[in-house]
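**Q** The structure that follows is given in the form of structure tokens.
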Amino acid sequence: MRAALRYGAIALAVLLFLLSLRRSGERAGRLAERLETTEKANDVQRRMLEAAARRPRDHHELADRLRDGEF
């Protein structure tokens with residue numbers, strides 16, 4: 001009887017440990033996906049800011065760029 005309880009307790013502990021590992025893995029996967037999404041959004045925002053920094057300041061600068069063929 002004691003041996004059966006001991007093995008049952010060990011089996012339960014192993015099962016709970018494996019379930020905990022699975023849950024941790026799922027959590028890590030979600031965090032990795034969130035990080036990847038954030039990195040993509042930051043890259044898009046950085047490219048938008050770089051493009052905005054290169055834009056003509058006023059219509060005179062736009063006309064100059066069009067005349068010079070730089071636009």
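**Q** What angle do you read, to the nearest 10 degrees and between 0 and 90, between the alpha-carbon axis of helix 59-68 and the longest principal axis of the chain?
**A** 80 degrees
**Q** Run the accessible area of the chain with a 1.4 Å probe and give the carbon-and-sulfur part as a rounded percent.
**A** Summing carbon and sulfur atoms, their accessible area is 60 percent of the total for the chain.
**Q** Apply the Kirkwood formula to the chain: the hydrodynamic radius equals the inverse of the mean of 1/r over all pairs of different alpha-carbon atoms; give it in Å with one decimal.
**A** Evaluated over the chain, this radius sits at 17.7 Å.
**Q** Given the options A11, A41, A52, state which has the largest fluctuation in a GNM of the chain using a 10 Å cut-off (strictly under) for Cα springs.
**A** A11
**Q** Give the angle, between 0 and 90 degrees and rounded to the nearest 10, that separates the Cα long axis of helix 2-53 from the longest principal axis of the Cα atoms of the chain.
**A** Result, in degrees: 0.
**Q** Accessible area per residue of the chain at 1.4 Å probe, in Å²?
**A** Per-residue accessible area for the chain comes out at 95 Å².
The values are calculated or read from the model by the stated rules, or taken from the named source; none is laboratory data. Keep in mind the model is a prediction, meaning the values are calculated, not measured. We work out accessible area using only protein heavy atoms, side chains counted, and drop any ligands, DNA or RNA first. Shrake-Rupley method; radii C 1.70, N 1.55, O 1.52, S 1.80 Å.
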